[in-house]
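> One structure coming up, written as structure tokens, with questions to follow.
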Amino acid sequence: MLELLIKKNEYNQVVILGSTLLNNYQSIAELVKQLEISKSSLFRYLAVINEEFKKIHPVTPSISSDGVFLHLNNPGRIPKNNLFVRSLKTYLQNSTQFKLLLALSNSHNLTTNNLLVKLHISHSYFNKLLKEINNYIKPTQVFISQRNNRTYLDGPEVNLVVFKLLLKNILFSLEETTNLNNDSKNHSSPFNTKVLKRLSSTQQKSLYNIEEIISERKQAGHSITIDEEEIKTSLTILKKQHNLVTTTRHDYSPDLVLFLNLITRFAFPKIDEKLDRIAIAKAFLKEPTTLTQDTQILLTALDKAYDINLVPGSPLYYDYFYQGMMSFLYLRVLNYNFNTLFTLQTNKIDGFYIYNQSDYIKIKEIVNLPIPFINKQNEHVFRENSELFTSLIFTAIRRRKHTQLNVYLDFQSELSFETYLKSRINTTFHPGCIYYCQTLAEADLVVTNSLVETAPDQPAFIFLDINSSFSMGQLLVRLMELYTKKLITPRYEAIVQINSLY
């Protein structure tokens, strides 16, 4: 949706900045091809990015070019995420579309005249904006409506609530004066205390947005209803097994409680812990519906084609089953994959990109095979959202894949630091991910505080300044990059690269 909210040249600058921050060296040719611009245009965009850096940051970063690659110079060691978000904010705060959506997400309806004054635009331009936004969000079934000098979001109630929730969480997080909370301590939360304890303070503020939207809609006379009996049956099982909503909220209708149990999991997928997921999966299977049967059929087809040893009754089977059921429930209730609505799509192609990986390609082939679903609606949902299911299956399978990164540490004069370094690495990686080898011949990566030369056939080499916390952080990032590279590359070859980290 970002391409809708900001100007074309700003969008190109966001992609250039984001791609450069993502990689140590970003190919200029790749960006030119991706954005369909000339090399001279790219350098003009680059000059603008560097000028904006000067306005935003006291210790000015910059992006430089050697003619082939773009590279970030960051003397202030500003976190890359902050560099990206602060630049994006400057564009969004000047975006009329952003201001319009922000206003609509924070109110049930607004007078059109007040909006025109607030946005400093003509009525004809306002209508043009509404048409553009409505065309973009049409698949969500939500739209901006005008009636009797009022402008407001309209559409199916469940879709509208989710749409407004995403607007609040994403747009407010990018607003200069972020206010997600409105002092959540001064109200009675409809969510269980145990649920709140599982969330970070930022997530709790996001959770308050759900309450705020529901309250606003109730006051305006709107209510949540779930009509399909099979969906209601499954959501009732979900609520009985692990109810996220406190039973003391008698002002909440039964359908609203069911919806809140679903939508909270939509917002926070990890709110059900491992034992919760297993218990919920068992409960679903005890009261079979076509939803449970079709989820089982999908898992059987996946196991047969991919041989992932999904034994019914095993913890792994219950985990996969839970994910499949929840995905079907989201899509059957909402009729749209809202997760893609505000995603920045850069269409990036490189060695780490999901679409190029052999696992992803194989899963996509499996998903496109005929699967004998019982319920036609489930089959329709699956086919219409094949990319989502492919990504979900890919992620689930990747979680089961493991490799081992062989690391050679060379700190002969700093053995106490070597011990400390191992403890830091071991708190970041699961046991078995990192093996501290004894010889260079075994190593995928050499980490040292000595300035030594390396032969072309030696592994990736990192010089570590032992007095720099920034250097330590960069080392952990590099370890993660190499581990991922080894995980997804069928025949891993060590990358020869010298990185000076200080």
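Laboratory data are not the source of any read-out in this text; all were calculated from the coordinates shown. Computed from a predicted model, the values in this text were never measured in an experiment. A quick note on method: Cβ atoms are made from the backbone with ideal geometry, for glycine too, and the neighbour counts reach across all protein chains shown.
> Would you mind computing, in nm to one decimal, how far apart the modelled labels at K33 and S215 are, each placed 7 Å from Cα along Cα→Cβ?
The two pseudo-label positions are separated by 5.3 nm.
> Can you compute the charge dipole magnitude of the stretch 272-400 about its Cα centre, using +1 on each Lys and Arg Cβ and -1 on each Asp and Glu Cβ, nothing else charged? Give it in debye, rounded to the nearest 20.
60 debye
> Same structure again: Sort L2, L409 so the one with the fewest other Cβ atoms within 10 Å of its own Cβ comes first.
Fewest-to-most ranking of L2, L409: L2, L409.
> Holding the Cα-Cα limit at 29 Å, pick out from K194/K486; K7/K486; K205/K274; K138/K364; K39/K164 the pairs that are longer than that.
Beyond 29 Å: K194/K486; K7/K486; K39/K164.
> If you line up the Cα atoms of the stretch 2-92 on their principal axes, what length do they span on each, largest first, in Å?
On the principal axes, the stretch 2-92 reaches 32, 31, 19 Å in Cα extent.
> Could you tell me which of the pairs K8/K54; K33/K99; K218/K240; K270/K304; K33/K55 are separated by over 26 angstrom between their Cα atoms in the structure shown?
Pairs exceeding the cut-off: K33/K99; K270/K304; K33/K55.
> If one puts a single equal scatterer on every Cα of the stretch 245-305 and applies the Debye formula without solvent, what log₁₀ I(q)/I(0) results at q = 0.17, 0.20, 0.28 Å⁻¹?
Scattering profile of the stretch 245-305, log10 relative to I(0): -0.80, -1.01, -1.14.
> Now, a different point. Which chymotrypsin sites (Phe, Trp or Tyr not before Pro) in the stretch 10-117 pass both tests, a DSSP loop state and at most 13 other beta-carbon atoms within 10 Å?
Of the chymotrypsin sites (Phe, Trp or Tyr not before Pro), the ones in loops of the stretch 10-117 whose Cβ has at most 13 other Cβ atoms within 10 Å are Y25.
> Per 5 Å bin, what is the whole-percent P(r) computed from every C-alpha pair distance within the stretch 272-400?
2, 10, 20, 23, 21, 15, 7, 2, 0, 0
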